[in-house]
Amino acid sequence: MNETYSIWILTHRWSVIAVTILLVALAGSGGRLLKFSTDYRVFFSDENPQLTAFEELQDTYTKNDNLLMVLAPASGDVFTPRVFAAIVDVTERAWQIPYSLRVDSLSNYQHTYAEGDTLTVIDLIEEPATKTPDQIDRIRTIALNEPLLVRRLISPQGHVTAVNVTVELPGKDPSAEVPAVVAKAREIAAYAERTYPEIRVYLSGIVMMNNAFAEASRFDMTHLLPLALLLIVIAVLLQLRGLAGTLATVLVILFSVIAAMGIAGWSGVLLTGPLMSAPTIIMTGGRRLCPYPHQLDAELAPGSGQETGHDREPAYQFRPRVSDLGDHRDRSSDAEFLRCAAVRAPGYHLRPRRHDRVRALGHLSTGAGDPAAVPSA
């Protein structure tokens, strides 16, 4: 059966190549539909009880997605007029962040004190440039003894402070909303570091975490993935010692990746950071294209006495079965991103069978014109 199939493939090789390229192009066109998801909720299923309880809490009160801007003065002391000025400045500018709902910092903390029968509520830091040492010590005492501030907006040692921005994302287009918030926050951070060079600004929070997944995935796609492909090409070239076999190997890997990601696009799969490992997994699985280089050598030199793939076939057939079990485990996972088996599985199954690959590589490398002359494994 394998022999008949291989001969048929080689007899109609140009038709098979044309149809393959057409199908890969059709499947790969779905790549334009792929979108990154920057919402941490994709890590849970809709039925997850913890997520359901969390969303009910947010529906009852309000969303608490936040962006934290940490100000770290080089002096290690937050309680100086210069740092106070920076806190006030950053706090005012933080209201310009898209979808901002609330901004909390030392400067706008509502401090309450009583004088006789009069109850006074003021911002903790007002007119920072005019603060005297006694006033600064008073602010220090209040801030470091206020449970609502310590370990939330200021460290117990008073060496760093933060401006916390609560945002309420509409959720209509998370792929655009989150980057807009992050872009404005980075603009404010860059401004603060230019205006107050002795202060470093660090960004954190749920919004930054969500944005990091998409940014890290794009970086991997533009840097690590091409590097991995280059290393695979070099390794295959060194093993096969021929351009034809190397080219065929690389094309099979590329076609598998393109088709799998395209099918994911047609299926409406949202890309996440962990899910972006699918192309790398498919490329790594490409080692099965010629798992034993000496098998190709045997095909290129029939009668040389080198072993063929028959004695290795049971072990080779066992490996895909183990991978299928792993894929089934991932597909049944509660975490959506672990279901990347739905993406990488098409890439695996689009590759031709091993003996057909070895014979085809042998035919390409020898340039034999007679399909029937291709030796049997």
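Does segment 7-27 contain at least one residue that is in contact with a helix residue (DSSP H, G or I) (Cβ under 7 Å, 6 or more places away or on another chain), surrounded by 18 or more Cβ atoms within 10 Å (Cβ to Cβ) and among the hydroxyl-bearing types (Ser, Thr, Tyr)?
no
Residues checked against (1) touching a residue at least 12 places away in the same chain (Cβ under 8 Å); (2) under 21 Å from Phe43 (Cα atoms); (3) acidic (Asp, Glu):
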position	(1), (2), (3)
Arg186	yes, no, no
Glu198	yes, no, yes
Met221	yes, yes, no
Pro226	no, no, no
Leu229	yes, no, no
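Checking Asn210 against (1) without any contact (Cβ under 8 Å) to a residue 24 or more places away in the chain; (2) of a type outside the set (Lys, Arg); (3) touching a Phe, Trp or Tyr at 6+ places or on another chain (Cβ under 9 Å), which single condition isn't satisfied?
So the condition that Asn210 fails would be (1).
Would you point out which residue out of Leu51, Leu57, Leu22 is among the hydrophobic types (A, V, I, L, M, F, W, C), in contact with a Phe, Trp or Tyr (Cβ under 8 Å, 6 or more places away or on another chain) and free of Cβ contacts under 8 Å to residues at least 40 places away in the same chain?
Sole residue among the options that is among the hydrophobic types (A, V, I, L, M, F, W, C), in contact with a Phe, Trp or Tyr (Cβ under 8 Å, 6 or more places away or on another chain) and free of Cβ contacts under 8 Å to residues at least 40 places away in the same chain: Leu51.
Within segment 74-83, is even one residue without any contact (Cβ under 8 Å) to a residue 40 or more places away in the chain, over 16 Å from Ala190 (Cα atoms) and of a type in the set (D, E, K, R)?
So far as segment 74-83 goes, no, none of its residues is without any contact (Cβ under 8 Å) to a residue 40 or more places away in the chain, over 16 Å from Ala190 (Cα atoms) and of a type in the set (D, E, K, R).
Quick note: the coordinates plus some simple rules give every number you see, no bench work behind them. Values in this document were obtained by computation on a predicted structure and should not be read as measured data. Cβ: placed from backbone, ideal geometry, glycine included. Neighbour counts: every protein chain shown.
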